[in-house]
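Data first, discussion second: the structure below is written as structure tokens.
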């Protein structure tokens, strides 16, 4: 056979542990050069194109399109050198396939176990029996109902016993076919105490021991839909849990009048300069961070690090979950440049085409739900950052003001609620309050933004 060059699942982001093969861009027999796009891989952040690091011919695709949760370093394909017979490529030992099974060993003799009541037995490998590869959902069903999968042929890829196989086995049991349910042994009846023993027993009534629960009948099949979690969704869940359980979140809220921002935005639109209110919020936040660098920090578990560049992560909702692309060095950008960057990054995020350097890092995050009619909310800090700003919708409110002659009158203002979530270990309540006070002043006087 022809020796092959291994193509392994690469690490395409610092937090990536596994990936999904979205699409192969080359087919078996195609010529491949260094830098050519081989396939699209969904990481924990985005869909990234994997490029070839070798020249040759793609001889074998070992992990098909649509494969999920492929571990880092797993063999996904084979190349051969140009001019070699790619159809005769040698399959390495780690290319997958059925694993060898050791010959059955005689079961060791054991003493009969004492009767006991227990939870449904765990499915474990027994010497002398072929170990069945179970999906997590199938294992849960089999363990709950005490079913034995060893006599059923798995239908999943590479011999995996799937959830559908388990449900089929459960249905057969319910229809009265030979049950695979493991019997639950009842405890032996307690011995009646002798008269001499009875005198030593306290006369106080003892609470009744509740019966040991046994698995009930399953709910009607098909009453729920199991939705596979994407890599991004799993990482979001992991990081949110980590954030809420390890970071002491503190919250501060302020209402900002955005009448001046709306007026300036309308003036810019006359010159065909299209910017959103959120673009002004991003710029105002960057200016405030420049004025208060002690908030532009991260926490690494031992020390607080003040960051030299103001890189703001903006939350973007995608079909695969929330992702936070980064606008770099925002303080040095004008409002028009910020608007263009935010729009381009949001589109790339929704298309799954962000590059790793476009979503890794960041010193401060902004999440805006105002377009969904949300008045105010609290956001979860994105570690190792120290703060995230939650922005609500603009809403009209009446306010008492004085005219030039000192007479009070009612005026309608557009107010926006912003909520700062801060890491109490590095941004205390006083610093957070001063930050919001300064941010409010910058938003309500947008001409200040042009001076920074």
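Below, the figures for the structure above:
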quantity: Those helices (runs of 4 or more DSSP H) lying entirely in the stretch 209-319 with at least 1 residues in contact with a helix residue (DSSP H, G or I) (Cβ under 8 Å, 6 or more places away or on another chain) and at pLDDT 90 or above; calculated: 259-270, 277-291
quantity: Filter pass, residue 356 being surrounded by fewer than 20 Cβ atoms within 10 Å (Cβ to Cβ), closer than 30 Å to residue 11 by Cβ, in contact with a helix residue (DSSP H, G or I) (Cβ under 8 Å, 6 or more places away or on another chain) and at pLDDT below 95; calculated: no
quantity: Total residues in the stretch 326-342, condition more than 13 Å from residue 276 (Cα to Cα) and either in a helix (DSSP H, G or I) or not assigned by TED's automatic domain parsing to the domain that holds residue 382 (or both); calculated: 3
quantity: Out of 354, 345, 322, sole residue that is touching a residue at least 12 places away in the same chain (Cβ under 8 Å), touching a strand residue (DSSP E or B) at 6+ places or on another chain (Cβ under 9 Å) and in a helix (DSSP H, G or I); calculated: 345
quantity: Odd one out for residue 88, checked against (1) more than 30 Å from residue 230 (Cα to Cα); (2) surrounded by fewer than 16 Cβ atoms within 10 Å (Cβ to Cβ); (3) at pLDDT below 70; calculated: (3)
quantity: Residue match in the stretch 316-323 (condition: over 16 Å from the mean Cα position of the chain (by Cα) and closer than 29 Å to residue 229 by Cβ); calculated: no
quantity: Filtered residues of the stretch 378-396 (kept if in contact (Cβ under 8 Å) with a residue 24 or more places away in the chain and loosely packed, with under 15 Cβ neighbours inside 10 Å); calculated: 378
quantity: Strands (runs of 3 or more DSSP E) lying entirely in the stretch 11-100 (those with 2 or more residues that are under 21 Å from the mean Cα position of the chain (by Cα) and touching a residue at least 40 places away in the same chain (Cβ under 8 Å)); calculated: 18-24, 47-51
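The values are calculated or read from the model by the stated rules, or taken from the named source; none is laboratory data. Only a predicted model underlies this, so the values are computations on that prediction, with no experimental measurement involved. Please note: Cβ atoms are built from the backbone with ideal geometry, for glycine as well, and neighbour counts cover all protein chains shown.
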